[in-house]
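Just below is one structure, and these are the notes that go with it.
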Amino acid sequence: MQRKPPPREPLAWDDVRLFLALCRARTLGSAAAALGVDASTMSRRLSGLEEALATTLFDRGRDGIRATKAAEDLRPAAEEIEDAMLRFAAATDGLEREVAGRVRMTCPPDAAEVLVVPLLGELLAKHPKLRVELDPGEAVRDLARREADLALRTVRPRSGDLIVVRLGEVRWIVAATPALARRLGTLRAWAEAPWVGCGERLAHVAAARWLAAQLRDEEPAVRSDSFRVQLAAIAEGLGVGLVPAPTARHFGLVPVTLSAALRKDSKDWPSDELFLVTHRALREVPRVRALWELLVARARMDVARATGASITIRRELAFGHGEVAERPRPAGDLWMGGVGVDGGRCAAER
């Protein structure tokens, strides 16, 4: 009589998450980063999953990983499980009653330093059970897959089941250290100053295009695709650069004096919009609402202080079901620009 094979252990949700991360990545390292583990852990867990399923899911090569036919066949079912888990998580979030637990926010590094961190003292004093996790960087976080609860973006999302508030707009300025600004005096030609700018990967973004148009054949003294590195170079006095005005103030930089001819000549001066975004299911969750409302209130105060005018009431846009909910939204200048790659410009995560 033929023996039956031993029953297979049921797959855990973590196995499905691992499988989907690998399906969506080109390398073990990038899949590991998406899950917050190291590559060796990812490799070990993949081997365990393939052993449990008695099949090879991914071919490994020098160029990365490639899904096998078995993995391609399993992916639709895995994505259905993921959708169900996300719906379950959204339902459990709706059960929360107090401002407690972890709220995760993704934003540009300068936004984290200039905007978010200064508000945390007030937020945590009011809600001592709240825990804030900031993810400052250029990586794009998917709010639909709950990789973050809130995001600051400089490109308005146009799809997804998202709630979006436009916080405001900020001017970029030509900034430098006080010492370099004094040494340069009044700038009468763009090429008179050494510049810090974007690298080749970001040559298409608005700030880089503007600078290229002004400098023409002149090359910046320092280039980097990291806005944080650009700020460091400007703060070291290596050159002048385009910086959001509030970020310049935060890092001790000052505007460079421009001649009347340069001010008149510089058309389409770069500016940024800043949007606060969350998933519809999370908007009224207490821990998310607390940070959301504090950020919006800060924006309204900054606009009122900057303009001396009353706050314009605009709409909070809800995507995904064709609905628009009326909520206050400030207009006018704000304090922050963005970094990273999104929508063809220096931008925050989507």
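The values are calculated or read from the model by the stated rules, or taken from the named source; none is laboratory data. If you're wondering where the values come from, they're calculated on a predicted model, not measured in any experiment. Glycine gets a Cβ as well: all are built from the backbone with ideal geometry, and neighbour counts include every protein chain shown. The accessibility values were calculated without ligands, DNA or RNA, using every heavy atom of the protein model including side chains. Shrake-Rupley method; radii C 1.70, N 1.55, O 1.52, S 1.80 Å.
Suppose the filter is of a type in the set (Gly, Ala, Ser) and open to solvent by 30 Å² or more (accessible area, probe 1.4 Å); does Gly36 pass it?
It is true that Gly36 is of a type in the set (Gly, Ala, Ser) and open to solvent by 30 Å² or more (accessible area, probe 1.4 Å).
Surrounded by 15 or more Cβ atoms within 10 Å (Cβ to Cβ) and modelled with pLDDT of 85 or more, is that true of Ala25?
yes
Might you check whether a residue that is in contact with a helix residue (DSSP H, G or I) (Cβ under 7 Å, 6 or more places away or on another chain), surrounded by 13 or more Cβ atoms within 10 Å (Cβ to Cβ) and in contact (Cβ under 8 Å) with a residue 40 or more places away in the chain occurs anywhere in the stretch 56-68?
Yes, some residue in the stretch 56-68 is in contact with a helix residue (DSSP H, G or I) (Cβ under 7 Å, 6 or more places away or on another chain), surrounded by 13 or more Cβ atoms within 10 Å (Cβ to Cβ) and in contact (Cβ under 8 Å) with a residue 40 or more places away in the chain.
From the residues in the stretch 169-219 that are assigned to a loop (DSSP other than H, G, I, E, B), in contact with a Lys or Arg (Cβ under 9 Å, 6 or more places away or on another chain) and touching a residue at least 60 places away in the same chain (Cβ under 8 Å), which one is most open to solvent (accessible area, probe 1.4 Å)?
His204
Which condition number in (1) at pLDDT 85 or above; (2) within 26 Å of Trp210 (Cβ to Cβ); (3) open to solvent by 20 Å² or more (accessible area, probe 1.4 Å); (4) not charged (D, E, K, R) is the one that Leu294 fails?
Of everything listed in (1) at pLDDT 85 or above; (2) within 26 Å of Trp210 (Cβ to Cβ); (3) open to solvent by 20 Å² or more (accessible area, probe 1.4 Å); (4) not charged (D, E, K, R), Leu294 misses just condition (2).
Identify the residue in the stretch 33-61 that is in a loop (DSSP other than H, G, I, E, B) and of a type in the set (A, V, I, L, M, F, W, C) and, among all such residues, is farthest from Gly137 (Cα to Cα).
My answer is Ala54.
Can you tell me which residue among Val256, Val243, Val277 is more than 15 Å from Val174 (Cβ to Cβ), touching a strand residue (DSSP E or B) at 6+ places or on another chain (Cβ under 6 Å) and at pLDDT 90 or above?
Exactly one of Val256, Val243, Val277 is more than 15 Å from Val174 (Cβ to Cβ), touching a strand residue (DSSP E or B) at 6+ places or on another chain (Cβ under 6 Å) and at pLDDT 90 or above, namely Val277.
Within the stretch 42-54, can you find the residues that are of a type in the set (Ser, Thr, Tyr) and exposed (fewer than 14 other Cβ atoms within 10 Å of the Cβ)?
Passing the criteria: only Ser47.
So which residues in the stretch 246-266 are free of Cβ contacts under 8 Å to residues at least 24 places away in the same chain and of a type in the set (Gly, Ala, Ser), if there are any at all?
Ala260
Note down all Cβ pairs under 7 Å where the first residue falls in the stretch 224-243 and is basic (Lys, Arg), the second is open to solvent by 10 Å² or more (accessible area, probe 1.4 Å), and they're at least six residues apart or on different chains.
Every condition considered, the pairs that remain are Arg228/Pro109.
Show me the strands (runs of 3 or more DSSP E) entirely contained within the stretch 94-168 in which 2 or more residues are surrounded by fewer than 20 Cβ atoms within 10 Å (Cβ to Cβ).
Fully inside the stretch 94-168 and qualifying: 101-107, 130-136.
Would you call Ala260 among the aliphatic types (A, V, I, L, M) and either in contact with a Lys or Arg (Cβ under 6 Å, 6 or more places away or on another chain) or surrounded by fewer than 19 Cβ atoms within 10 Å (Cβ to Cβ) (or both)?
yes
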